[in-house]
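The values are calculated or read from the model by the stated rules, or taken from the named source; none is laboratory data. Given the structure is predicted, the values throughout are model-derived calculations rather than measurements. Here Cβ is always computed from backbone atoms with ideal geometry, including for glycine, and neighbour counts include all displayed protein chains.
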C-alpha cells in the first residue's frame, strides 16, 4: 500500500472545495450586476461602477492583510474560517436589501463583503494545497475556475431573473454563500499536507519572498492581477459601447457572463497542461496571449460581430487561465509552514493593484469609451512575463 497520504484522498474532496469556492465568491460582483437597478433606486453618481467595485477590492485587501498578520489560515482550522467568512459575507451582501439604504451605506457594505471574501478565496486555495501536492496545478485550475464562475454568476442571475425584482439576485448570491460555507466546513477536514503555524515571524515570511522562484511567481501574479479585474469590470462597458442601444441591459449581463466564464475552461485546460508541461509553461503562454489581446484590442472593438465575440471569448479564456499556476508556483516554492500566509500576502498585494487599474480605466473612460482604453492594461502582462523568467519550473 502506498505511504503517500495523497493516495487516500476521498474523491468528494475536490468537488466540495470547488462548489464551496464558487458559492462563496458569488457575492463578489453582485453590485456590478444590479448596478442599473441600484442607480435608479439610489440615484448613483457618475463613476459609481468603479467605486462599488473598488470598495470590494479594498475590503478584500484589508481582509487578506489582516488574515496574514494574524496567521489565520495557518493557525486555525481552515474550514471554520471559510464557514465564518461565508456566513458574514452573506449577511453583508444581503445588507443591500435594507430599506432606506444610502450610497455611503452601500459602499460600506461592499467593503465589508470584500473583507469577508478574504476568508474564502485565499483560504480555499490553502485548503486545496493542504490536500494536493502532486497535481496541485490541476486542482487549483478547477478552483480558480470556480472563482471565475462565481464571479460571473451575478451577471447570469441578472439575466435569467430579469422578470423578478433585482433583490432576487442579491438574495440568491447570499444563499449560495451560506450553502458553500456549510458544505465545506462539514465535508472537508484538514488535509494531509497541512502544516500548523504558531506565530507570524515577519523575518521568516520575508525570507520566503526572497526565494527567487517565489518572488518571480509573485511578480508574474501582480502583472496578471493588474489586467484581470479591470478587464472583468469593464467588459459590460465595452459591450455597451459596441452595441449601443441595440442590446438591452439583460443582454449585456448575459454576454458579460459569457466572456467572464470563458475563463473557466482556460483554468481547467491550463491545469491539465500543467501536468505535462509545468505551471511556468502554462503561465507564460496564457499571460502572453492575454497581453496580445490587449495589444490588438483597438483594431477589434469595431470588427464584425462574430470576430468581436470570438476575440472577447479568447481574451476571457486567457486572462485568468494563468492564475492557478501563479498560486501553484508560489505554494510549491514557499516554506511549507508559511504557505498560507505567502499566498495571502501575495493575494493582498495583487488585489491592491486591481484598485489602481480599475480606477485608471474608470478615469480614462469617464468621457466615453476610447478604443485604446485597454492599452493601460499592457504593463501588467509585460512585467509579469519578466518576473516569470526567474521562476524554476
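Points to keep in mind about this one:
- Candidates 83, 109, 172 - the one that is modelled with pLDDT of 95 or more and more than 28 Å from residue 342 (Cα to Cα): 172
- Total residues in segment 340-367 satisfying the condition of being in contact (Cβ under 8 Å) with a residue 60 or more places away in the chain and in a loop (DSSP other than H, G, I, E, B): the figure is 2.
- So residue 273, is it more than 13 Å from residue 32 (Cβ to Cβ), modelled with pLDDT of 90 or more, over 16 Å from the mean Cα position of the chain (by Cα) and assigned to a helix (DSSP H, G or I): yes
This table checks each residue for (1) more than 30 Å from residue 363 (Cβ to Cβ); (2) buried (at least 23 other Cβ atoms within 10 Å of the Cβ).
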position	(1), (2)
10	yes, no
19	yes, no
27	no, yes
40	no, no
44	no, no
51	no, no
63	no, yes
66	no, no
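- Total residues in segment 352-370, condition modelled with pLDDT of 85 or more and buried (at least 21 other Cβ atoms within 10 Å of the Cβ): 5
- If you check 282, 237 for being within 27 Å of residue 26 (Cα to Cα), in a helix (DSSP H, G or I) and either at pLDDT below 90 or in contact with a strand residue (DSSP E or B) (Cβ under 7 Å, 6 or more places away or on another chain) (or both), only one passes: 237.
- Residue list for segment 109-146, filter: assigned to a helix (DSSP H, G or I), touching a residue at least 40 places away in the same chain (Cβ under 8 Å) and under 30 Å from residue 45 (Cβ atoms): 110, 111, 112, 113, 114, 115, 116, 117, 121
- Any hit, segment 97-104, residues being assigned to a helix (DSSP H, G or I), modelled with pLDDT of 85 or more, touching a helix residue (DSSP H, G or I) at 6+ places or on another chain (Cβ under 8 Å) and surrounded by fewer than 24 Cβ atoms within 10 Å (Cβ to Cβ): yes
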